[in-house]
Ligand SMILES: [Zn+2]
(Lines give C-alpha, C1' and ligand atoms only; values in the text may rest on other atoms or scores of the structure.)
Protein backbone atom coordinates (compact mmCIF):
# COMPACT_ATOMS: atom_id res chain seq x y z
CA UNK A 1 0.00 0.00 0.00
CA UNK A 2 1.04 3.54 -0.49
CA UNK A 3 1.30 4.41 3.14
CA UNK A 4 3.52 1.49 4.18
CA UNK A 5 6.76 2.77 2.71
CA UNK A 6 6.68 6.20 4.26
CA UNK A 7 5.74 4.57 7.57
CA UNK A 8 8.78 2.26 7.47
CA UNK A 9 11.01 5.11 6.37
CA UNK A 10 9.79 7.24 9.27
CA UNK A 11 10.45 4.41 11.72
CA UNK A 12 14.01 4.03 10.51
CA UNK A 13 14.53 7.76 10.79
CA UNK A 14 13.17 7.75 14.32
CA UNK A 15 15.41 4.82 15.25
CA UNK A 16 18.48 6.57 13.90
CA UNK A 17 17.52 9.73 15.79
CA UNK A 18 16.97 7.79 18.99
CA UNK A 19 20.33 6.05 18.50
CA UNK A 20 22.14 9.37 18.25
CA UNK A 21 20.31 10.68 21.32
CA UNK A 22 21.17 7.53 23.31
CA UNK A 23 24.83 7.81 22.34
CA UNK A 24 24.87 11.44 23.45
CA UNK A 25 23.20 10.52 26.73
CA UNK A 26 25.74 7.75 27.41
CA UNK A 27 28.57 10.16 26.69
CA UNK A 28 27.07 12.65 29.12
CA UNK A 29 26.62 10.02 31.83
CA UNK A 30 30.11 8.62 31.37
CA UNK A 31 31.95 11.90 31.11
CA UNK A 32 30.26 14.90 32.64
CA UNK A 33 27.66 13.79 35.13
CA UNK A 34 29.79 11.96 37.75
CA UNK A 35 32.24 14.84 38.05
CA UNK A 36 29.43 17.30 38.63
CA UNK A 37 27.26 15.27 40.99
CA UNK A 38 30.02 13.71 43.12
CA UNK A 39 32.57 16.25 44.30
CA UNK A 40 35.92 14.66 45.14
CA UNK A 41 35.74 15.66 48.79
CA UNK A 42 32.59 13.62 49.40
CA UNK A 43 34.35 10.47 48.26
CA UNK A 44 37.44 11.19 50.34
CA UNK A 45 35.40 11.85 53.46
CA UNK A 46 33.30 8.70 53.28
CA UNK A 47 36.34 6.53 52.55
CA UNK A 48 38.11 7.84 55.64
CA UNK A 49 35.00 7.32 57.75
CA UNK A 50 34.65 3.73 56.61
CA UNK A 51 38.29 2.93 57.27
CA UNK A 52 37.81 4.00 60.88
CA UNK A 53 34.45 2.23 61.15
CA UNK A 54 35.28 -0.94 63.04
CA UNK A 55 37.47 0.64 65.65
CA UNK A 56 35.10 3.39 66.76
CA UNK A 57 31.79 1.57 66.48
CA UNK A 58 29.40 2.16 69.40
CA UNK A 59 25.99 0.63 70.24
CA UNK A 60 23.09 2.36 68.48
CA UNK A 61 19.56 2.78 69.92
CA UNK A 62 16.43 4.09 68.25
CA UNK A 63 14.47 3.89 65.01
CA UNK A 64 16.22 1.86 62.28
CA UNK A 65 17.37 4.00 59.36
CA UNK A 66 16.61 7.29 61.16
CA UNK A 67 19.15 10.14 61.40
CA UNK A 68 21.94 9.47 63.90
CA UNK A 69 22.68 11.80 66.82
CA UNK A 70 25.96 11.34 68.70
CA UNK A 71 25.83 12.63 72.28
CA UNK A 72 29.22 13.34 73.79
CA UNK A 73 29.43 13.76 77.56
CA UNK A 74 32.60 15.84 78.08
CA UNK A 75 35.63 14.71 80.12
CA UNK A 76 35.49 11.53 82.22
CA UNK A 77 37.85 9.18 84.07
CA UNK A 78 41.07 10.88 85.13
CA UNK A 79 39.80 14.17 83.65
CA UNK A 80 37.10 15.68 85.92
CA UNK A 81 36.63 18.86 83.84
CA UNK A 82 35.54 21.92 85.82
CA UNK A 83 35.14 21.45 89.57
CA UNK A 84 32.65 23.44 91.65
CA UNK A 85 33.05 24.79 95.16
CA UNK A 86 31.61 21.75 96.88
CA UNK A 87 33.62 19.30 94.77
CA UNK A 88 30.89 18.84 92.16
CA UNK A 89 32.57 17.61 88.97
CA UNK A 90 31.73 18.56 85.38
CA UNK A 91 32.29 14.98 84.15
CA UNK A 92 29.52 13.69 86.45
CA UNK A 93 27.07 16.52 85.75
CA UNK A 94 27.39 16.23 81.97
CA UNK A 95 27.04 12.43 81.93
CA UNK A 96 23.68 12.78 83.70
CA UNK A 97 22.63 15.52 81.26
CA UNK A 98 23.71 13.35 78.33
CA UNK A 99 21.75 10.35 79.63
CA UNK A 100 18.62 12.48 80.04
CA UNK A 101 18.97 13.87 76.51
CA UNK A 102 19.42 10.35 75.15
CA UNK A 103 16.26 9.16 76.88
CA UNK A 104 14.26 12.18 75.70
CA UNK A 105 15.39 11.77 72.08
CA UNK A 106 14.51 8.06 72.10
CA UNK A 107 11.07 8.75 73.62
CA UNK A 108 10.44 11.38 70.96
CA UNK A 109 11.41 8.84 68.27
CA UNK A 110 12.50 9.27 64.66
CA UNK A 111 16.22 9.28 65.53
CA UNK A 112 19.03 6.92 66.40
CA UNK A 113 21.29 7.79 69.32
CA UNK A 114 24.91 6.92 70.12
CA UNK A 115 26.84 7.91 73.24
CA UNK A 116 30.61 8.45 73.12
CA UNK A 117 30.68 7.35 76.75
CA UNK A 118 27.97 6.09 79.09
CA UNK A 119 30.15 5.66 82.14
CA UNK A 120 33.00 7.41 83.93
CA UNK A 121 35.84 6.82 81.48
CA UNK A 122 38.47 8.91 79.76
CA UNK A 123 38.14 9.32 75.98
CA UNK A 124 40.65 11.41 73.98
CA UNK A 125 39.06 14.33 72.10
CA UNK A 126 40.15 12.97 68.70
CA UNK A 127 38.39 9.69 69.47
CA UNK A 128 35.11 11.46 70.19
CA UNK A 129 35.03 13.04 66.73
CA UNK A 130 36.27 9.77 65.21
CA UNK A 131 33.23 8.00 66.70
CA UNK A 132 30.87 10.56 65.12
CA UNK A 133 32.54 10.11 61.73
CA UNK A 134 32.81 6.33 61.87
CA UNK A 135 29.12 6.06 62.79
CA UNK A 136 28.25 8.49 59.97
CA UNK A 137 26.46 10.82 62.41
CA UNK A 138 24.04 13.53 61.29
CA UNK A 139 24.73 15.63 64.37
CA UNK A 140 27.35 15.70 67.13
CA UNK A 141 26.43 17.29 70.47
CA UNK A 142 29.20 17.68 73.03
CA UNK A 143 27.84 18.50 76.49
CA UNK A 144 29.91 20.49 78.98
CA UNK A 145 29.51 22.63 82.08
CA UNK A 146 31.56 25.76 82.57
CA UNK A 147 34.01 27.02 85.16
CA UNK A 148 33.98 30.67 86.18
CA UNK A 149 37.41 30.49 87.78
CA UNK A 150 37.44 33.10 90.55
CA UNK A 151 34.07 34.47 89.45
CA UNK A 152 31.50 32.62 91.53
CA UNK A 153 28.71 34.65 89.92
CA UNK A 154 29.55 33.69 86.34
CA UNK A 155 26.33 32.17 84.99
CA UNK A 156 24.46 31.16 81.86
CA UNK A 157 24.67 28.67 79.03
CA UNK A 158 26.57 29.11 75.76
CA UNK A 159 26.99 27.24 72.49
CA UNK A 160 30.27 26.87 70.66
CA UNK A 161 30.90 26.10 67.02
CA UNK A 162 34.27 25.58 65.37
CA UNK A 163 36.43 28.47 64.25
CA UNK A 164 40.17 28.99 63.95
CA UNK A 165 39.46 32.50 65.27
CA UNK A 166 38.16 32.51 68.84
CA UNK A 167 35.24 34.92 69.26
CA UNK A 168 36.80 36.65 72.28
CA UNK A 169 39.43 36.38 75.00
CA UNK A 170 37.10 34.30 77.15
CA UNK A 171 36.46 31.93 74.25
CA UNK A 172 40.19 31.65 73.70
CA UNK A 173 40.87 30.75 77.34
CA UNK A 174 37.98 28.34 77.21
CA UNK A 175 39.40 26.63 74.11
CA UNK A 176 42.76 26.26 75.82
CA UNK A 177 41.13 24.65 78.82
CA UNK A 178 38.89 22.27 76.85
CA UNK A 179 41.64 21.27 74.42
CA UNK A 180 44.02 20.57 77.30
CA UNK A 181 41.58 17.91 78.49
CA UNK A 182 43.72 15.50 76.50
CA UNK A 183 46.85 16.25 78.50
CA UNK A 184 46.66 13.61 81.15
CA UNK A 185 49.75 12.65 83.16
CA UNK A 186 51.73 15.04 80.97
CA UNK A 187 51.05 13.18 77.74
CA UNK A 188 49.31 15.19 74.99
CA UNK A 189 46.88 12.95 73.13
CA UNK A 190 45.05 15.40 70.88
CA UNK A 191 45.98 17.20 67.72
CA UNK A 192 46.20 20.95 68.19
CA UNK A 193 45.06 23.98 66.26
CA UNK A 194 46.89 22.88 63.11
CA UNK A 195 44.15 20.34 62.60
CA UNK A 196 41.52 23.05 62.89
CA UNK A 197 43.35 25.25 60.40
CA UNK A 198 43.79 22.43 57.90
CA UNK A 199 40.24 21.27 58.20
CA UNK A 200 38.82 24.76 57.72
CA UNK A 201 40.33 24.69 54.24
CA UNK A 202 38.38 21.62 53.33
CA UNK A 203 35.32 22.18 51.19
CA UNK A 204 33.51 19.46 53.08
CA UNK A 205 33.71 21.49 56.28
CA UNK A 206 31.62 24.36 54.96
CA UNK A 207 28.34 22.55 54.98
CA UNK A 208 29.04 21.04 58.40
CA UNK A 209 29.86 24.50 59.78
CA UNK A 210 26.73 26.05 58.26
CA UNK A 211 24.58 23.28 59.68
CA UNK A 212 26.27 23.53 63.09
CA UNK A 213 25.55 27.28 63.19
CA UNK A 214 21.93 26.59 62.25
CA UNK A 215 21.59 23.98 65.01
CA UNK A 216 23.12 26.40 67.54
CA UNK A 217 20.57 29.03 66.48
CA UNK A 218 17.73 26.54 66.95
CA UNK A 219 18.87 25.59 70.47
CA UNK A 220 18.89 29.25 71.47
CA UNK A 221 15.46 29.76 69.92
CA UNK A 222 14.01 26.73 71.73
CA UNK A 223 15.61 27.86 74.99
CA UNK A 224 13.76 31.17 75.06
CA UNK A 225 12.10 31.64 78.43
CA UNK A 226 13.59 28.36 79.69
CA UNK A 227 17.39 28.38 79.77
CA UNK A 228 19.40 31.47 80.60
CA UNK A 229 22.21 32.22 78.13
CA UNK A 230 25.33 34.33 78.41
CA UNK A 231 25.86 37.35 76.21
CA UNK A 232 26.62 36.56 73.45
CA UNK A 233 24.98 33.13 73.59
CA UNK A 234 26.82 31.83 70.52
CA UNK A 235 30.58 31.68 70.49
CA UNK A 236 33.27 30.15 68.32
CA UNK A 237 36.64 28.67 69.21
CA UNK A 238 39.29 26.27 67.92
CA UNK A 239 37.94 23.27 69.78
CA UNK A 240 39.51 19.92 68.92
CA UNK A 241 36.29 18.04 69.73
CA UNK A 242 34.42 19.94 66.96
CA UNK A 243 36.78 19.13 64.09
CA UNK A 244 34.87 16.33 62.32
CA UNK A 245 34.89 17.76 58.77
CA UNK A 246 31.66 16.09 57.70
CA UNK A 247 29.49 16.10 60.83
CA UNK A 248 27.75 19.27 62.08
CA UNK A 249 29.16 19.60 65.61
CA UNK A 250 28.39 21.88 68.52
CA UNK A 251 29.59 22.15 72.10
CA UNK A 252 26.86 23.04 74.59
CA UNK A 253 27.98 24.63 77.85
CA UNK A 254 24.83 24.06 79.84
CA UNK A 255 25.80 26.23 82.81
CA UNK A 256 28.51 26.89 85.40
CA UNK A 257 29.35 24.16 87.92
CA UNK A 258 31.17 26.88 89.87
CA UNK A 259 27.89 28.78 90.34
CA UNK A 260 25.93 27.19 93.22
CA UNK A 261 22.49 27.97 91.75
CA UNK A 262 23.40 26.67 88.31
CA UNK A 263 25.05 23.56 89.74
CA UNK A 264 21.84 22.88 91.69
CA UNK A 265 19.72 23.37 88.57
CA UNK A 266 21.88 21.13 86.36
CA UNK A 267 21.92 18.33 88.92
CA UNK A 268 18.17 18.49 89.64
CA UNK A 269 15.81 16.23 87.74
CA UNK A 270 13.78 19.23 86.64
CA UNK A 271 16.86 21.06 85.34
CA UNK A 272 18.12 18.03 83.45
CA UNK A 273 14.74 17.46 81.83
CA UNK A 274 14.43 21.10 80.85
CA UNK A 275 17.84 20.95 79.16
CA UNK A 276 16.88 17.72 77.37
CA UNK A 277 13.49 19.07 76.26
CA UNK A 278 15.01 22.21 74.75
CA UNK A 279 17.83 20.35 73.00
CA UNK A 280 15.56 17.59 71.68
CA UNK A 281 13.17 20.22 70.25
CA UNK A 282 16.13 21.85 68.47
CA UNK A 283 17.21 18.44 67.09
CA UNK A 284 13.70 17.89 65.76
CA UNK A 285 13.59 21.31 64.03
CA UNK A 286 17.10 20.83 62.68
CA UNK A 287 16.28 17.49 61.07
CA UNK A 288 12.98 18.79 59.69
CA UNK A 289 14.55 21.89 58.09
CA UNK A 290 17.72 20.26 56.85
CA UNK A 291 18.48 20.36 53.14
CA UNK A 292 18.35 16.89 51.54
CA UNK A 293 21.72 15.21 51.51
CA UNK A 294 23.29 14.12 48.23
CA UNK A 295 23.19 10.39 47.26
CA UNK A 296 26.94 10.21 47.94
CA UNK A 297 26.33 11.37 51.54
CA UNK A 298 23.58 8.83 52.05
CA UNK A 299 25.62 5.92 50.66
ZN1 LIG B 1 34.30 20.85 79.62
Completion exercise
The residue from 157, 164 that alone is away from the ligand (no atom under 16 Å from the Cβ) and in the same structural domain as residue 242 (by TED's automatic domain parsing) is 164
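Looking only at the range 87-113, which residues are more than 22 Å from residue 274 (Cβ to Cβ) and surrounded by fewer than 19 Cβ atoms within 10 Å (Cβ to Cβ)?
87
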Practice task
Take residue 241 and decide whether it is touching a strand residue (DSSP E or B) at 6+ places or on another chain (Cβ under 9 Å), part of a helix (DSSP H, G or I), closer than 19 Å to residue 158 by Cβ and modelled with pLDDT under 95.
Solution key: yes
Exercise for the section: Among the residues of the range 75-99, count how many are over 18 Å from the mean Cα position of the chain (by Cα) and at negative phi. Expected result: 15
Practice task
Would you be able to say whether some residue in the range 89-96 is within 16 Å of the ligand (Cβ to nearest atom) and closer than 25 Å to residue 210 by Cβ?
Solution key: no
Practice task
Taking residue 72 as meeting all but one of (1) within 13 Å of the ligand (Cβ to nearest atom); (2) in a helix (DSSP H, G or I), write down the number of the exception.
Solution key: (2)
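The values are calculated or read from the model by the stated rules, or taken from the named source; none is laboratory data. Everything numeric in this text was worked out from a predicted model, so none of it was measured. In this analysis, Cβ positions are derived from the backbone assuming ideal geometry, glycine residues included, and neighbour counts consider all displayed protein chains.
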